[in-house]
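Beneath this line is the structure, given in structure tokens, with notes to follow.
The values are calculated or read from the model by the stated rules, or taken from the named source; none is laboratory data. Note that the structure is a prediction, hence the values are computed from the model and not measured. Positions of Cβ are backbone-derived with ideal geometry, glycine not excepted, and every protein chain shown enters the neighbour counts. What goes into the accessible areas is simple: the full protein's heavy atoms, side chains included, and nothing from ligands, DNA or RNA. Shrake-Rupley method; radii C 1.70, N 1.55, O 1.52, S 1.80 Å.
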Amino acid sequence: MPWNSQGGGGPWGSGGNNGGGRNPWGQRPQGGGGGGGNASPDFDEMIRKAQERLKRLFPGGGGGSYKGIVLIGIAIIGLWLLTGFYRVQPGEQGVTLLFGKWVGTTGPGLNYFLPAPIGEVIKPNVERTNQIEVGYRGTGGAGNGGARDVPEESLMLTGDQNIIDIDYVVQWRISDAGSYLFNVRDPENTIKLASESAIREVIGKTSLEEALTVGRVRVEEQTRNLLQSIMDGYDSGIFIAEVKMQKVDPPRDVIDAFNDVQRARQDRDRSQNEALAYRNDIIPRAKGEAERQILEARAYKDQVVKNAEGEADRFGSVYDSYLTAKDVTTRRLYLETMQDVLKSSDKVILDQNGEGANGVVPYLPLPEIQKRANAGGNN
């Protein structure tokens, strides 16, 4: 080597076997002795050994130079391979790439894959819920002053040929990180466009009044299901959590006229409800009265029929008695008839041949006395 001296010493000319070798500054070691236990270290010898070791690491520096290069290469490769360990946090998925190609997906925990530049690991969060605004932009929310309306996204046609203005949000999460990263070029824009197509299809089958009132929940659920089927068809690895309608109104240009129509419909519904209430009050009472009259007529019918049957039976029994005893029956019928005729008469008839008839004054006003007696009894 260039720094070898004739004495075989180090770069500063120190002799390896001379007991009186000089140090790098041309001086002999101080206090050195052959047998002293407190001798200072031989710095020249240490430097010489370091130089020899350094020579063996390079070609031509010694017999073990090639072995040293191999060991260094193995150490470097080992350190490089150790960089392939990676940790996937909870809520993440590890997507492993070999030369840029997706080859697998790993779950949370400590994993290993070939390090860069051969391998690469992407770890997207699969539990975070993302949100896309459709029909408006801004942090204030739909319908608030901080939001900007986007009519080309929010205006759509209902099933009864009316225009409706709908602002909504789509909440979604990643279900398969590999499919999400490699099967869809622009996931958010794809979700937004697919959601517009889905909600327009659902609204196109729904009337305006239903979409504004009782049909909102149904529209949201059908839109979410249809959007999820579209994403599954793309194999996008995306889960649609929810579709929420923020604002559902007629267009601004016709909202006043629409409100007038709504008020007229409310008045119509109120009048119909009042009419239904009156009908529900009067019809049951009329039906009850009709039923009562029918029952009374049936009772009267039964009474007349029974009386007629009773009279017929009585006449039959009287006729049977007449056939058995004609004189007695004839007299009994005569007396009963006279009783019926004379029971309401005001005249008093005395039989002159009867007992006590001679003592009665002919001009005594017996009918007047009877009337007064009856009037006093009533009072």
(message) Being crowded, with 19+ Cβ neighbours inside 10 Å and among the small types (Gly, Ala, Ser) is the filter here; which residues of segment 215-240 pass it?
(response) 236, 237
(request) Please tell me if residue 272 is closer than 30 Å to residue 131 by Cα and polar (S, T, N, Q). (result) no
(request) Mind counting the residues in segment 241-272 that are open to solvent by 80 Å² or more (accessible area, probe 1.4 Å), touching a strand residue (DSSP E or B) at 6+ places or on another chain (Cβ under 6 Å) and modelled with pLDDT under 80? (result) 0
(message) Just to verify a result, which residue in segment 195-208, among those that are part of a helix (DSSP H, G or I) and touching a Ser or Thr at 6+ places or on another chain (Cβ under 9 Å), is nearest to residue 137 (Cα to Cα)?
(response) 195
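For every residue, the table says whether it meets (1) among the hydrophobic types (A, V, I, L, M, F, W, C); (2) over 30 Å from residue 374 (Cα atoms); (3) within 60 Å of the chain's Cα centre (by Cα).
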position: 262; (1), (2), (3): no, yes, yes
position: 271; (1), (2), (3): no, yes, yes
position: 276; (1), (2), (3): yes, yes, yes
position: 279; (1), (2), (3): no, yes, yes
position: 299; (1), (2), (3): yes, yes, no
position: 304; (1), (2), (3): yes, yes, no
position: 323; (1), (2), (3): yes, yes, no
position: 330; (1), (2), (3): no, yes, no
(request) State which residue is surrounded by the fewest Cβ atoms within 10 Å (Cβ to Cβ) when the search covers only segment 173-195 and only residues that are under 19 Å from residue 245 (Cα atoms) and touching a helix residue (DSSP H, G or I) at 6+ places or on another chain (Cβ under 6 Å). (result) 194
(request) Just one of (1) of a type outside the set (A, V, I, L, M, F, W, C); (2) closer than 30 Å to residue 261 by Cα; (3) not in a helix (DSSP H, G or I) trips up residue 173, so point out which. (result) (2)
(message) Just to be sure before I move on: is residue 207 modelled with pLDDT under 90, open to solvent by less than 60 Å² (accessible area, probe 1.4 Å), touching a strand residue (DSSP E or B) at 6+ places or on another chain (Cβ under 9 Å) and under 25 Å from residue 254 (Cα atoms) in the structure I sent?
(response) no
(request) Name the residue, out of 146, 91, 107, that is within 30 Å of residue 250 (Cα to Cα) and modelled with pLDDT under 80. (result) 146
(message) Regarding segment 218-234, can at least one residue be identified that is more than 22 Å from the chain's Cα centre (by Cα) and in contact (Cβ under 8 Å) with a residue 12 or more places away in the chain?
(response) yes
(request) For residue 139, work out the one condition from (1) at pLDDT below 80; (2) over 24 Å from residue 237 (Cβ atoms); (3) touching a Phe, Trp or Tyr at 6+ places or on another chain (Cβ under 9 Å) it doesn't fulfil. (result) (3)
(request) Give the residue, chosen from 12, 102, that is modelled with pLDDT of 50 or more and either surrounded by 11 or more Cβ atoms within 10 Å (Cβ to Cβ) or touching a Leu at 6+ places or on another chain (Cβ under 7 Å) (or both). (result) 102
(request) Give just the number: which of (1) farther than 30 Å from residue 199 by Cα; (2) open to solvent by 70 Å² or more (accessible area, probe 1.4 Å); (3) not small (Gly, Ala, Ser) does residue 304 not satisfy? (result) (2)
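Table: residues versus (1) at pLDDT below 65; (2) open to solvent by 40 Å² or more (accessible area, probe 1.4 Å); (3) farther than 30 Å from residue 130 by Cβ; (4) in a loop (DSSP other than H, G, I, E, B).
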residue: 19; (1), (2), (3), (4): yes, yes, yes, yes
residue: 26; (1), (2), (3), (4): yes, no, yes, yes
residue: 39; (1), (2), (3), (4): yes, yes, yes, yes
residue: 76; (1), (2), (3), (4): no, yes, yes, no
residue: 87; (1), (2), (3), (4): no, yes, no, no
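Residues are listed down the side, and each one gets a yes or a no for (1) among the β-branched types (Val, Ile, Thr); (2) in contact (Cβ under 8 Å) with a residue 12 or more places away in the chain:
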site: 152; (1), (2): no, no
site: 163; (1), (2): yes, yes
site: 176; (1), (2): no, yes
site: 212; (1), (2): no, yes
